[in-house]
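Student: First the structure, which I've put down as C-alpha cells, then a few questions once you've had a look.
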Amino acid sequence: MHNAIYFISDVHLGMKHYKYGKEQENMLIGFFDKLIDEKAKELYIAGDFFDSWIEYRQVVPKGFYRVFSKLYDLVQANVKITYLAGNHDFWRGSYLYDEFGIEMADTHIEKTIDGKRFYIHHGDGLAYRDTGYKIMKKILRNRVSQFLYSLIHPDIGLWLAKSTSSKSRDYTSQKDYSVKDGLRDAAMQKIKEGFDFVIMGHRHKPLFLREGKGVYINLGDWMKTFSYGVFSDGIFYFRKYYDLESHKIVDELIADTKAQ
C-alpha cells in the first residue's frame, strides 16, 4: 500500500534451535522488499526483533548481515523505522541509529497519525501474576546494572543472554491469557483514555479486538504466524504474510476496520 504505515513484532531473529531460521529470514527480507516496492512511509518494530541483543560499546552480536542490509535499503528508500524495545532487545546503544538511521524508543510510543491516536507498547510487564518479571525488568534496565554487566567479556555476556532468552520466550508463549489477560485489559484502558488503536506484541498470538470506537491489535509473531499490521487512508488492516505449513507467501487479510 503506497505511503502506508506498517507494524511488526516478535521476530526473534537468532533463536537457538529454530529450524525455520533461514526461511524466517528470507520471508522477512521479502517483506521488507514489499515495503520498498510499495513506497511505505513508516515501519514500527514493536519489540523483540532479536531473540537476544546486548550491545557493547565496541561489540554487537554477530550475524544478521542480510537483514541489516535490507533495513538500510528501507531507510535509503525513505521509509522511517522506529524500533521499540521489547524484553529481549532492550539493551541497546546507538549502533542501530548510527549505522542505519533507525529511531529508538524505550517504553512505549504515543502518536497521532492521520487524526487517529496510536498507543504502541511491546506488552512486557502488563500480564497479571508477573511480579517477578517486573522486578527483574527494573534491575536489568538499570544503567548501573548494565554498566556492571558490560565489564563481562562479550563472549560470556552474549552467551548468558542467549541462554536465558529461550526460557523467557517459552514462558511468554505458554502463559495462559484465556482467563485474565493483562495486555488486553491494559489496552482497553488506553482505548477508554481516547486512543483509537492500541498495538502490542509479546504474547505471540494474533488478536484483533474492537472496543467501542477503538481497536486493540496484538501483532502476533514472525516465528509461526507471520502477521503484521498496516494503516492506510484511515483504515487499519491486519494481515498474514506467510503460511508456515504450506511454506508459501499468502499475504492475506485477517481483519480490518472498514466496517467500523
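Nothing in this text is a laboratory measurement; each read-out follows from the coordinates by a stated rule. Remember, predicted model here, so these are calculated numbers, not experimental data. So basically every Cβ, Gly included, is an ideal-geometry build from the backbone, and we count neighbours across all protein chains shown.
Student: Provide the per-residue ³J(HN,Hα) series for the stretch 226-241, in order, calculated from phi with Karplus coefficients 6.51, -1.76, 1.60 and θ = phi - 60°, each as a whole number of Hz, with x at glycine and proline positions.
Tutor: Per residue, the Karplus-derived 3J(HN,Hα) values read 6, 9, 8, x, 8, 10, 8, 6, x, 10, 9, 10, 10, 9, 10, 8 Hz.
Student: If you don't mind, there's one more thing I want to ask. Of K70/K205; K80/K213; K205/K240; K34/K190; K116/K224, which ones are farther than 21 Å apart at the Cα?
Tutor: Violating the 21 Å Cα-Cα cut-off are K70/K205; K80/K213; K34/K190; K116/K224.
Student: Counting other beta carbons within 10 Å of each Cβ, put Y83, Y242 in order, fewest first.
Tutor: Y83, Y242
Student: Once R0 is set to 22 Å, what does the formula 1/(1 + (r/R0)^6) return for the Cβ-Cβ distance between K22 and S246, expressed as a FRET efficiency to the nearest 0.05?
Tutor: It comes out at approximately 0.80.
Student: Could I ask something else about it? Output the relative contact order of the stretch 176-260, whole-number percent, from Cα pairs under 8 angstrom with separation of 6+ residues.
Tutor: Contact order relative to length: 18 percent.
Student: Still on this structure: Among S227, S69, which comes first, then next, by fewest other beta-carbon atoms within 10 Å?
Tutor: Starting with the residue having the fewest Cβ neighbours, the order is S69, S227.
Student: Return the whole-Å distance between the Cα centroid of the stretch 192-236 and the Cα centroid of the stretch 1-72.
Tutor: 19
Student: Still on this model: Taking K and R as +1 and D and E as -1, what net charge do the other residues with C-beta under 13 Å from the C-beta of Q189 add up to?
Tutor: Residues near Q189 contribute -1 overall.
Student: What net charge is computed for the residues neighbouring H108, neighbours being all others with C-beta under 12 Å from the C-beta of H108, Lys and Arg scored +1, Asp and Glu -1?
Tutor: Its environment carries a net charge of -1.
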